[in-house]
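A short worksheet on the structure shown next.
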């Protein structure tokens, strides 16, 4: 059974940015700066499992705590030429333009991503605001123009998407495997899932009735298989 192809390219500009989720566990990442913004960036990297090094002559209490616990390496000095060379990702948040220019030179032409939180127009990538519901990650980006707006939109979405969506995603993962076993044609599976997320199912999930929502989708899978 063929389904219409809905893939299209819009004329809406995205300034050359492309979203991607990067598996960063144990990857060496450098945060330059020890202030509030640098701490927030470090916390996000630690949460994702990165191997974090902080370079800053002074730092907020969380950096002291993490270093004391062995969670990060803290090099207690200013950034020096070439410091970025051994890292996969560099985040600069020290507010020093001279340092940013040096990092630009140190990362140019190398396989190093650079997020310039202090001078976003200079970096090679931006880091969106985000929150998680289990394996469900919601991100919001303003391309570095207004991090505060990104966080505010994230806060609103966080209020609208309840924590139980993490559990619902786990259930959907199992249902997806059942569907792949039951229906071999990828186009048919795509059509099924397009129809499966009805308002009734969404209402059940939002009401916390995950068991009933799961049962209805499982029943729909059995009916879809019998018609295929």
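Restricting attention to the range 69-95, the residues being touching a strand residue (DSSP E or B) at 6+ places or on another chain (Cβ under 9 Å) and over 12 Å from residue 42 (Cα atoms) number 12.
When the criteria are applied in full, residue 126 fails the requirement of being in contact with a strand residue (DSSP E or B) (Cβ under 9 Å, 6 or more places away or on another chain), in a helix (DSSP H, G or I) and under 27 Å from residue 18 (Cα atoms).
In the list 124, 150, which residue meets the criterion of being buried (at least 18 other Cβ atoms within 10 Å of the Cβ) and within 17 Å of the chain's Cα centre (by Cα)? Testing whether each residue is buried (at least 18 other Cβ atoms within 10 Å of the Cβ) and within 17 Å of the chain's Cα centre (by Cα) leaves just 150.
State which residue is farthest from residue 161 (Cα to Cα) when the search covers only the range 180-228 and only residues that are touching a helix residue (DSSP H, G or I) at 6+ places or on another chain (Cβ under 7 Å), at pLDDT below 90 and not in a helix (DSSP H, G or I). Ranking the candidates gives 228 first.
The values are calculated or read from the model by the stated rules, or taken from the named source; none is laboratory data. This one's a predicted model, so the numbers in the text were calculated from it and none came from an experiment. Methodologically, a virtual Cβ is constructed for each residue, glycine included, from the backbone with ideal geometry; neighbour enumeration extends over all protein chains shown.
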